[in-house]
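The values are calculated or read from the model by the stated rules, or taken from the named source; none is laboratory data. Source: prediction; values computed, not measured. In this analysis, Cβ positions are derived from the backbone assuming ideal geometry, glycine residues included, and neighbour counts consider all displayed protein chains. Areas reflect the complete protein model, heavy atoms only, side chains present, ligands, DNA and RNA absent. Shrake-Rupley method; radii C 1.70, N 1.55, O 1.52, S 1.80 Å.
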Amino acid sequence: MVDKKLIFNGVTGKQEEVDYTAEEQTIRDAKVKAWNDASGDRKLIQIKKMRLEKLIETDYLANSDVIMPDNVKTWRQTLRDLPANHTDEAAYDALLARDSDGNLTNSVWSKP
């Protein structure tokens, strides 16, 4: 399938939709494949970012003058273990699943 691209026609002053050349299409296909192949990496980066945000939210509980409840300790350890315990794209998808309102559905993201 040949994709289309928009170009600006300097003569008419308008944008036109034209087919990619065979060479351009080959390059585009390679870029799309590379993007799709890296989707697991992108998901893992997103998971690690969300995990860090959750840990930062509860870092104050790790102060020496605060006694952290055991359930919070366990939850924080579970967050830290996420990358090691979830190693494939299906697991990443489960961690990133959202409901119709856009809320994360995996219980690991819920604070105890």
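For this structure, a couple of remarks:
- Restricting Trp109, Trp35, Trp75 to residues that are touching a Pro at 6+ places or on another chain (Cβ under 7 Å) and among the aromatic types (Phe, Trp, Tyr) narrows the list to Trp75.
- Test: residue in the range 4-24 that is open to solvent by less than 60 Å² (accessible area, probe 1.4 Å), within 15 Å of the chain's Cα centre (by Cα) and among the aliphatic types (A, V, I, L, M): no
- Residue in the range 81-88 that is surrounded by 11 or more Cβ atoms within 10 Å (Cβ to Cβ), in a helix (DSSP H, G or I) and at pLDDT 90 or above present: no
- Condition met for Val66 (open to solvent by 50 Å² or more (accessible area, probe 1.4 Å), in a helix (DSSP H, G or I) and farther than 19 Å from Thr105 by Cβ): no
- Filtered residues of the range 47-63 (kept if loosely packed, with under 13 Cβ neighbours inside 10 Å and touching a residue at least 40 places away in the same chain (Cβ under 8 Å)): Glu57
- Contact map, the range 2-13: first residue among the basic types (Lys, Arg), second residue open to solvent by less than 60 Å² (accessible area, probe 1.4 Å), Cβ cut-off under 6 Å, separation 6 or more or different chains; pairs are Lys5/Tyr20.
- Given (1) over 30 Å from Asn71 (Cα atoms); (2) open to solvent by less than 60 Å² (accessible area, probe 1.4 Å); (3) not basic (Lys, Arg), number of the condition Trp35 does not satisfy: (2)
To keep it simple, each residue is scored yes or no on (1) of a type in the set (Ser, Thr, Tyr); (2) more than 23 Å from the chain's Cα centre (by Cα); (3) closer than 15 Å to Val108 by Cα.
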| site | (1), (2), (3) |
| --- | --- |
| Ala30 | no, no, no |
| Lys33 | no, no, no |
| Asp41 | no, no, no |
| Lys49 | no, no, yes |
| Lys54 | no, no, yes |
| Asn71 | no, yes, yes |
| Thr74 | yes, yes, yes |
| Gln77 | no, no, yes |
| Ala90 | no, no, no |
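- Looking across Leu55, Leu82, Leu104, one residue alone is among the aliphatic types (A, V, I, L, M), more than 30 Å from Asp3 (Cβ to Cβ) and in contact with a strand residue (DSSP E or B) (Cβ under 7 Å, 6 or more places away or on another chain). It is Leu104.
- Taken over the range 60-80, the criterion of being of a type in the set (Asp, Glu) and modelled with pLDDT of 90 or more is satisfied by Asp70 alone.
- Being out of contact with any Phe, Trp or Tyr (no Cβ under 6 Å at 6 or more places or on another chain), over 25 Å from Ala94 (Cβ atoms) and assigned to a helix (DSSP H, G or I) is a description that applies to Glu24.
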